[in-house]
Amino acid sequence: MLPRIPLDNIKGVGARRAEQFHALGVDDIDALLHYFPRDYQDWSRPTPIFGAELVDAPVCVEAEAASPVSRFRSKNGVLCFETTVFDSSGSCKVLIFNNKYAAAKLVPGEPLLLYGRVTMGNSGREMLSPQIEDRAGRQRIRPIYPRTKELSSKMIESTVERALTEFVGMEVDPLPDSVLQRYSLMPLQQALREIHFPTDHETMLRARDRFIFEELFELELGLLRIRERNRETSDIRIRQDFSEEFYGLLPFTPTGAQKRAIQAALHDMQSGMLMNRLVQGDVGSGKTMVAAALCYITVKNGYQCAMMAPTEILAEQHFHTMENFLKGTGVRVALLTGSMTASRKKEIQEGLAYGDIDFAVGTHALISENVRFWNLGLVITDEQHRFGVRQRGLLAEKGNGAHVLVMSATPIPRTLALAIYGDLDVSIIDELPAGRKPVHTYRIDSSKRQRCFGYIKKFLDRGLQGYIVCPLVEESDEAGDLVSATEYYRRISQNEFRGYRVGLLHGQMKAEEKADVMARFASGEIQLLVATVVIEVGVDVPNAVVMLIENAERFGLSQLHQLRGRIGRGQEESTCVLLSDNRSEITQKRLKIMCDTNDGFAIAQEDLALRGPGDFFGQRQHGLPELHIASMTEDMEVLRKAGEAAQEMLAEDPALSKPEHRNLAKETNRLFARSLGN
């Protein structure tokens with residue numbers, strides 16, 4: 001950690017070069033020294049030419065040119081330079097294209113380092129356009145940086161080297177000696193030198209380990225401090241636990257995980273502090289029952305509840321589910337959505353304002369200015385990743401200290417959930433209710449589509465139902481070979497599934513049209529539903545047992561798992577078929593994962609590894625710093641240790657006010673400036 005010294009304090013860096021660094025997000029010397037290499041080239045241990053072709057990677061060769069470079073043009077006009085280089089083990093042809101400066105270095109009798117791949121050509125070993133350097137002072141591990149068109153990796157390397165030389169000793173280590181010693185971490189000054197210009201591979205890894213730990217440690221410290229600041233008192237206190245009474249109303253026995261989630265939330269609501277809790281679980285794990293239980297208990301204690309879903313289809317689904325759970329209990333449930341008539345909205349709004357409605361289920365309509373509650377005690381949002389933190393807060397603000405429960409069907413490991421949802425406590429439902437059967441999943445290509453149609457018909461002929469999911473609503477010029485739902489529906493209802501009752505559902509339909517289609521599908525009037533990802537969450541039709549997903553490569557793994565979760569909800573064996581003609585290695589790997597497991601936690605972990613957290617979670621949570629070197633997926637064990645270290649430090653020094661913690665406090669405050677209000 002350095003004082004904020006502008007880049008133009010480095011010798012040779014003027015205003016133009018500083019502007020080029022700005023494009024990389026590097027605005028001062030501290031940011032430059034923390035602009036870490038993305039890879040390395042090992043020039044420190046030259047490989048003998050003989051046998052180098054067997055190494056499936058670029059290598060460094062120390063050799064001399066055997067003769068002056070010859071020059072010629074290829075058939076397509078490319079300027080080529082050719083010579084042979086040799087060492088004590090053998091020789092190798094070198095070809096250089098359109099680069100006379102590199103070719104000029106190949107002078108007979110002068111030892112050189114050449115870096116590139118050695119392959120076997122028609123006339124023996126050869127290197128095509130290797131990097132070439134003088135031997136003197138160049139035998140080292142070289143950093144490779146993320147670069148721009150104007151700023152090459154070599155330019156960044158030389159600037160970093162000058163910064164390390166000119167400002168050596170000015171760095172202040174934010175990590176106290178106690179942390180460095182306990183976790184065997186390299187001190188800052190040494191780590192900066194070794195991560196940019198490693199002595200060897202082992203010290204480079206130790207330097208990386210130090211910065212990965214530091215980044216995750218500061219992240220955890222900031223999150224814990226945010227959570228502590230959010231621990232506000234609440235006048236809404238649940239005095240009586242009616243959970244056993246609610247369980248007695250159910251036609252099934254709740255799982256242990258469901259009961260644990262309910263008790264954790266109740267503990268929060270009885271504590272006198274404001275509850276901010278995430279309940280996450282796999283598809284079909286029973287999160288809605290947890291929400292129903294907490295609503296029942298809250299209403300029995302004299303408060304109202306509100307549950308917000310991201311779509312009208314899901315809101316209506318939750319409304320009907322909650323009505324069934326709470327039937328005969330005296331809890332008055334109402335639905336509020338944007339598509340309702342003005343008179344119906346007014347009726348619901350008055351019922352909430354005067355306390356005639358206990359529990360409102362709805363969409364964003366719940367956070368409109370006209371909605372007021374008589375005594376709101378509990379706010380629930382479903383599918384957290386589809387709402388911004390601000391939207392969740394707007395609903396909670398309609399109550400005086402209302403407790404907040406967030407539900408998500410994107411299952412991720414607890415350590416990671418705590419890091420991503422920094423302002424929430426976390427409950428995980430990691431058991432499926434008894435009787436849930438795994439969905440059998442297969443991957444096919446379009447040559448087997450007609451056979452798959454025949455397979456689907458066998459289920460429909462037995463009185464069961466199915467889905468066909470398409471990636472697009474309508475065809476477009478940019479769509480390429482992507483399948484559109486509208487055209488697909490038109491074609492199969494007139495051809496392959498003529499005589500069957502086929503329906504169409506997509507997000508561009510009017511709300512009343514969508515509601516009508518879903519009602520007809522739920523009642524069994526529609527046998528086969530052609531749909532887009534509008535069915536991804538919430539649609540619950542136990543009689544639907546088969547699903548075909550077209551262009552399966554176009555969906556994320558977690559999204560495929562959510563879609564698959566629409567079937568397998570009844571007593572029948574269910575089948576999901578993934579259709580893709582994409583032959584890329586990553587597509588093959590992704591679809592194989594779907595065929596191999598029904599475990600949403602395992603799938604989410606793979607999805608994170610393949611796509612990265614930013615793509616996986618969509619919009620980044622409010623105010624959280626971006627990770628530059630640590631990986632949420634690859635460094636889970638470090639994240640766990642960093643979390644433990646942060647908890648211990650804050651337990652000992654909550655304000656980080658001890659002299660040895662002040663640098664750490666400054667850095668954490670800087671990283672979390674928005675969230676911590678600094």
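The values are calculated or read from the model by the stated rules, or taken from the named source; none is laboratory data. All of these numbers come straight from a predicted model, not from anything done at the bench. Neighbour counts are summed over all protein chains in view; Cβ atoms, including those assigned to glycine, are modelled from backbone coordinates with ideal geometry. For accessibility, only protein heavy atoms count, side chains too; no ligands or nucleic acids. Shrake-Rupley method; radii C 1.70, N 1.55, O 1.52, S 1.80 Å.
In region 431-472, how many residues are exposed (fewer than 14 other Cβ atoms within 10 Å of the Cβ), among the polar types (S, T, N, Q) and farther than 26 Å from ILE593 by Cβ?
Residues flagged as exposed (fewer than 14 other Cβ atoms within 10 Å of the Cβ), among the polar types (S, T, N, Q) and farther than 26 Å from ILE593 by Cβ within region 431-472 amount to 1.
Can you run down the residue pairs with Cβ atoms below 6 Å, 6 or more apart or on separate chains, where the first is in region 324-345 and of a type in the set (S, T, N, Q) and modelled with pLDDT under 95 and the partner is crowded, with 20+ Cβ neighbours inside 10 Å and outside any strand (DSSP E or B)?
Partner pairs satisfying both residue conditions: THR337/GLU312; THR337/ALA315; THR337/THR363; THR337/ALA365.
Within the bounds of region 601-615, is there any residue that is open to solvent by 10 Å² or more (accessible area, probe 1.4 Å), at pLDDT below 85 and part of a loop (DSSP other than H, G, I, E, B)?
Within region 601-615, one or more residues are open to solvent by 10 Å² or more (accessible area, probe 1.4 Å), at pLDDT below 85 and part of a loop (DSSP other than H, G, I, E, B).
Go through (1) assigned to a helix (DSSP H, G or I); (2) open to solvent by 30 Å² or more (accessible area, probe 1.4 Å) for LEU32 and report which single condition fails.
Condition not satisfied by LEU32: (2).
Only one of LEU548, LEU557, LEU578, LEU563 is over 24 Å from the mean Cα position of the chain (by Cα) and open to solvent by less than 20 Å² (accessible area, probe 1.4 Å); which?
The unique qualifying residue is LEU548.
Residue by residue through region 334-364, note down the ones that are hydrophobic (A, V, I, L, M, F, W, C) and either touching a Pro at 6+ places or on another chain (Cβ under 9 Å) or over 12 Å from MET307 (Cβ atoms) (or both).
Residues satisfying the conditions are MET340, ALA342, ILE348, LEU352, ALA353, ILE357.
Is one or more of the residues making up region 180-196 farther than 23 Å from PRO37 by Cα, open to solvent by 10 Å² or more (accessible area, probe 1.4 Å), of a type in the set (Phe, Trp, Tyr) and not in a helix (DSSP H, G or I)?
Scanning region 180-196, I find at least one residue that is farther than 23 Å from PRO37 by Cα, open to solvent by 10 Å² or more (accessible area, probe 1.4 Å), of a type in the set (Phe, Trp, Tyr) and not in a helix (DSSP H, G or I), so the answer is yes.
Might you let me know whether region 523-540 holds any residue that is without any contact (Cβ under 8 Å) to a residue 24 or more places away in the chain and more than 19 Å from ASP607 (Cα to Cα)?
Within region 523-540, one or more residues are without any contact (Cβ under 8 Å) to a residue 24 or more places away in the chain and more than 19 Å from ASP607 (Cα to Cα).
Could you list, in sequence order, the residues of region 494-539 that are surrounded by fewer than 18 Cβ atoms within 10 Å (Cβ to Cβ) and closer than 20 Å to ARG462 by Cβ?
If the condition is that a residue be surrounded by fewer than 18 Cβ atoms within 10 Å (Cβ to Cβ) and closer than 20 Å to ARG462 by Cβ, then GLU496, ARG498, GLY499, TYR500, ARG501, ARG520, SER523, GLY524, GLU525 are the ones that fit.
Only one residue in PHE319, PHE359 is under 28 Å from THR532 (Cβ atoms), in contact with a strand residue (DSSP E or B) (Cβ under 6 Å, 6 or more places away or on another chain) and not basic (Lys, Arg), so which one is that?
Criteria check complete, one pass: PHE319.
Taking the stated definitions as given, is ILE5 open to solvent by 20 Å² or more (accessible area, probe 1.4 Å) and touching a helix residue (DSSP H, G or I) at 6+ places or on another chain (Cβ under 6 Å)?
yes
Among the residues of region 346-382 satisfying the criterion of being touching a helix residue (DSSP H, G or I) at 6+ places or on another chain (Cβ under 6 Å) and surrounded by fewer than 14 Cβ atoms within 10 Å (Cβ to Cβ), which is modelled with the highest pLDDT?
The qualifying residue modelled with the highest pLDDT is ARG372.
Output the number of the condition that ARG162 fails; it satisfies all remaining conditions of (1) out of contact with any Lys or Arg (no Cβ under 9 Å at 6 or more places or on another chain); (2) open to solvent by 40 Å² or more (accessible area, probe 1.4 Å); (3) assigned to a helix (DSSP H, G or I).
(1)
Does region 556-575 include one or more residues that are among the aliphatic types (A, V, I, L, M), touching a helix residue (DSSP H, G or I) at 6+ places or on another chain (Cβ under 6 Å) and at pLDDT below 95?
There is at least one residue in region 556-575 that is among the aliphatic types (A, V, I, L, M), touching a helix residue (DSSP H, G or I) at 6+ places or on another chain (Cβ under 6 Å) and at pLDDT below 95.
I'm trying to understand the selection: among the residues of region 631-668, which are free of Cβ contacts under 8 Å to residues at least 24 places away in the same chain and not in a loop (DSSP other than H, G, I, E, B)?
Correct list: GLU637, GLU644, GLU648, ALA651, GLU652, PRO659, ARG662, ALA665.
Looking at region 42-55, is at least one residue modelled with pLDDT of 95 or more, part of a loop (DSSP other than H, G, I, E, B), under 38 Å from the mean Cα position of the chain (by Cα) and at negative phi?
No, because not a single residue in region 42-55 is modelled with pLDDT of 95 or more, part of a loop (DSSP other than H, G, I, E, B), under 38 Å from the mean Cα position of the chain (by Cα) and at negative phi.
Going by what's in this entry, would THR233 be described as exposed (fewer than 14 other Cβ atoms within 10 Å of the Cβ), at pLDDT below 90, among the β-branched types (Val, Ile, Thr) and over 22 Å from the mean Cα position of the chain (by Cα)?
Yes, satisfied.
Where in region 57-134 are the strands (runs of 3 or more DSSP E), entirely inside, with at least 2 residues that are closer than 16 Å to PRO46 by Cβ and open to solvent by less than 70 Å² (accessible area, probe 1.4 Å)?
Where strands (runs of 3 or more DSSP E) fall fully within region 57-134 and carry at least 2 residues being closer than 16 Å to PRO46 by Cβ and open to solvent by less than 70 Å² (accessible area, probe 1.4 Å), they are 59-65, 79-87, 90-97, 112-116, 124-128, 131-134.
Would you list the helices (runs of 4 or more DSSP H) that sit entirely within region 444-528 and hold 3 or more residues that are more than 19 Å from GLN317 (Cα to Cα)?
Because the criterion is at least 3 residues that are more than 19 Å from GLN317 (Cα to Cα), the helices (runs of 4 or more DSSP H) in region 444-528 that meet it are 449-461, 485-494.
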